[in-house]
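Encoded as structure tokens, the structure appears first; notes follow it.
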Amino acid sequence: MNRRTGAHRIVVGVDRSFAGMQALRRAMELARRDGAQLDAVRAWVFAPTWRPGTLTWRWQDECDRAALIYLRGVFDAALGGVPRDVTVRLVATQGYAGQVLVDHAHRESDLLVVGSPDRGRFGRSRGHVTRYCVTRAAVPVVTVPAPTWARAATIRRFARDLERFSR
């Protein structure tokens with residue numbers, strides 16, 4: 001993709017998982033390469049236990065603020081802060097993550113980037129948000145796995161070796 005025909009907006013789902021942070025890094029690379037705007041999206045759901053559907057505007061504003069703080073924290077952890085060389089828009093929206101991402105990435109020129117967690121037992125993927133986006137998005141979706149060193153088998157092997165050598 002060159003700058004003229006590339007995605008005008010790259011939408012990335014943000015969370016603190018290794019796959020989520022790797023997706024943020026990849027989305028930033030794509031935004032730099034294509035000269036695109038990056039929309040970093042964090043969805044949140046508030047389910048009060050006392051009476052469903054009683055979310056007041058004060059609570060909603062507070063949850064939005066907390067989600068924006070969360071977004072900045074993930075940028076700090078993954079990239080050392082929000083880059084200044086790319087137009088970045090932080091978006092905090094109430095709703096389920098898959099639906100929020102698919103709804104947000106609705107333009108024909110959008111590109112959706114999501115982290116893809118590793119496979120669980122029996123080969124089944126644990127990433128229901130990723131699966132939702134891939135099957136329902138009307139735009140191209142890029143799924144990004146966690147770095148090799150962060151995959152479950154590697155971590156289990158490391159923990160086993162650490163335990164063995166620390167005795």
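Worth pointing out:
- Added length on full extension, which subtracts the Cα-Cα distance from 0.36 nm per residue, residue 89 to residue 64: 7.6 nm
- By a 1.4 Å probe calculation restricted to protein chains, residue 44 has an accessible surface near 30 Å², given to the nearest 10.
The values are calculated or read from the model by the stated rules, or taken from the named source; none is laboratory data. Being a predicted model, the structure only gives us computed values, none of them experimental. Protein only, heavy atoms only, side chains kept; ligands, DNA and RNA dropped before computing areas. Shrake-Rupley method; radii C 1.70, N 1.55, O 1.52, S 1.80 Å.
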